[in-house]
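Below: the structure, in structure tokens.
The values are calculated or read from the model by the stated rules, or taken from the named source; none is laboratory data. Bear in mind the structure is a predicted one, so any value in this text is a computation, not a measurement. Cβ coordinates were reconstructed from backbone atoms using ideal geometry, including for glycine residues, and neighbour counts include every protein chain displayed.
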Amino acid sequence: MRRPTDARVVALFAVLCAACAEPVPAPSALHAIRLGALIDGSGEVVPDAVVIVEADRILSVGSGSAAVPAGARVTDLRPLTGIPGLIDAHTHITYYWDQAPGSQPWSQSGGRRIAETVFLAQENARRTLETGVTTVRDLGARDYADLSMRDLIERGAMVGPRIIGAGYGLSKLRRPLEPGASPAWPRGRVRDASEIEAAVRAQVEAGADVIKVYGSTGSGRDVTGVQTFTLEEMRAAVESAHRHGLRIAIHSYGPEGGRDAVMAGAESVEHAVDLDDRTLAEMVRRGTVYVPTIDHNRYYADHLDDFGYSAEDGANLDAYRARNLETARRAHAAGVSFAMGSDAVFTGFGENTRELGWFVEAGMTPAEALATATVGGAALLGMEGELGRVAPGYRADLVAVDGDPLSDIRVLFDGVRWVMKDGAVVVNRR
Ligand SMILES: [Zn+2]
């Protein structure tokens with residue numbers, strides 16, 4: 001007769017037997033990715049490259065079969081070329097348009113409940129990854145949809161690029177508040193300098209990673225660059241952001257606001273055209289990064305009907321883009337640091353890297369252009385050592401592209417075949 005104790009012994013024996021049966025080798029924790037060549041972000045090109053990834057980090061970079069550890073899982077991407085995961089320093093990833101007939105992007109996205117926007121904008125996130133962009137600095141969203149997406153992606157509930165989010169960008173109230181109306185600074189809208197600290201603190205408390213200021217008019221078909229924040233107000237925003245340990249990006253379409261953004265101490269100046277030589281020299285001296293976002297006006301001009309813009313709007317967008325390109329040429333010649341920012345909105349996701357074509361037109365070599373989206377972006381984010389290179393200890397963000405971007409930067413536009421982010425394969429179009 002069996003007693004309960006016997007049953008427990010039998011069960012224990014069965015467990016031990018399973019453990020001492022045929023030894024099964026543990027799956028290797030190492031992932032070896034083989035590439036025809038690797039542009040590693042340091043200026044070097046590694047032939048017949050082998051990148052060893054362990055969990056979410058790069059363990060080592062070598063060359064040839066001898067560099068593949070015994071037992072490692074191997075992904076052979078030869079003859080594709082490897083580059084670091086790219087950084088888009090200016091997006092609005094929560095601006096989503098479903099292209100429904102009769103609808104227009106701005107009005108549709110403005111009227112939608114934010115939970116739906118966060119869900120639908122996964123498409124923008126996926127399209128961004130497909131361009132090889134694994135990190136975005138997202139400069140302006142409502143209801144903290146950007147931070148929701150950031151956190152969902154971070155916890156693995158959503159697939160998308162790493163997001164460095166600004167929450168609400170600070171802007172100037174266009175008309176006085178009605179008597180008794182609640183203040184608008186929690187949504188970033190300030191009346192004057194006295195509300196700036198509160199507006200910045202509201203973004204910080206919501207969890208923003210970076211502060212954005214709309215320092216001038218200009219957006220969509222509006223290419224006016226009328227300064228809206230004075231130099232003193234920009235200074236107040238910069239000091240407030242820095243006091244909270246955050247960096248700050250100032251949007252200015254026009255030259256005066258661009259100059260004042262530099263003088264106020266912003267880490268980056270977005271868009272600005274016709275910057276004068278003194279301002280360019282000051283940017284070099286201070287290390288201010290220029291994010292010209294030349295391509296976003298090409299995007300609007302290519303989609304006039306979608307947006308309900310006129311032919312005259314198109315001509316204005318084209319003229320602004322020419323000034324933007326010329327300013328980028330002068331800034332590059334002066335030695336200003338650049339980061340690649342697409343200012344992607346709506347259906348512009350998937351075209352994030354087209355900005356690099358303009359950078360080459362502005363006089364950069366393809367290697368210099370690519371660097372704006374790797375080490376340049378990482379420096380702007382203060383994430384050197386984490387992002388922008390394929391080297392031991394860096395995050396395992398790696399892109400394989402068909403062709404050689406150092407010969408022709410345009411291979412990035414539609415040549416991305418495979419993308420790894422934090423050690424996980426997120427795009428595979430081989
Ligand atoms: Zn923008």
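All but one of (1) in the same structural domain as GLU123 (by TED's automatic domain parsing); (2) closer than 30 Å to GLU54 by Cα; (3) more than 17 Å from the chain's Cα centre (by Cα) hold for GLY377; which doesn't? Here GLY377 meets the rest and fails (3). Close Cβ contacts (under 6 Å, 6 or more residues apart or on different chains) running from residues in region 282-297 that are among the polar types (S, T, N, Q) to residues that are buried (at least 24 other Cβ atoms within 10 Å of the Cβ) and assigned to a loop (DSSP other than H, G, I, E, B) comprise THR293/GLY341; THR293/ASP343. Of everything in region 310-345 that is of a type in the set (Asp, Glu) and free of Cβ contacts under 8 Å to residues at least 60 places away in the same chain, the residue that is nearest to the ligand (Cβ to nearest atom) is ASP318. Counting the residues of region 194-223 that are closer than 19 Å to LEU173 by Cβ, assigned to a helix (DSSP H, G or I) and of a type outside the set (Lys, Arg) gives 9. Could you list, in sequence order, the residues of region 126-142 that are touching a residue at least 60 places away in the same chain (Cβ under 8 Å), away from the ligand (no atom under 15 Å from the Cβ) and not in a loop (DSSP other than H, G, I, E, B)? Hits for region 126-142 are ARG127, LEU129, GLU130, VAL133, THR134, THR135. Criterion first (assigned by TED's automatic domain parsing to the domain that holds PHE413 and of a type outside the set (A, V, I, L, M, F, W, C)) does THR117 satisfy it? In short, no.
If you take the residues in region 39-71 that are assigned to a loop (DSSP other than H, G, I, E, B) and within 25 Å of the chain's Cα centre (by Cα), which one is surrounded by the fewest Cβ atoms within 10 Å (Cβ to Cβ)? Only one residue fits best here, namely GLY43.
The combined condition, being away from the ligand (no atom under 15 Å from the Cβ) and touching a strand residue (DSSP E or B) at 6+ places or on another chain (Cβ under 6 Å), is fulfilled by ALA241. Only one entry in PHE413, PHE349, PHE359 is aromatic (Phe, Trp, Tyr), buried (at least 24 other Cβ atoms within 10 Å of the Cβ) and under 20 Å from ARG126 (Cβ atoms), namely PHE349. Consider region 397-429 and keep the residues that are touching a strand residue (DSSP E or B) at 6+ places or on another chain (Cβ under 7 Å) and assigned to a helix (DSSP H, G or I). The one that is nearest to ILE153 (Cα to Cα) is LEU412.
Filtering region 269-282 for residues that are surrounded by fewer than 24 Cβ atoms within 10 Å (Cβ to Cβ), within 22 Å of GLU239 (Cα to Cα) and among the charged types (D, E, K, R) leaves a non-empty set. Please determine, by comparing only the residues of region 84-124 that are assigned to a helix (DSSP H, G or I) and in contact (Cβ under 8 Å) with a residue 60 or more places away in the chain, which one is farthest from the ligand (Cβ to nearest atom). Going through the qualifying residues, I end up with GLU123.
Among the residues making up region 279-309, those that are within 16 Å of the ligand (Cβ to nearest atom), within 20 Å of SER337 (Cα to Cα) and hydrophobic (A, V, I, L, M, F, W, C) are VAL289, VAL291, ILE294. Pairing residues of region 262-279 that are more than 22 Å from ALA344 (Cα to Cα) with residues that are in a loop (DSSP other than H, G, I, E, B), at Cβ distances under 6 Å and at least 6 apart in sequence or on separate chains, gives VAL262/THR288. Of the residues examined, ALA157 is one that is over 25 Å from ALA237 (Cβ atoms) and either surrounded by fewer than 22 Cβ atoms within 10 Å (Cβ to Cβ) or within 16 Å of the ligand (Cβ to nearest atom) (or both).
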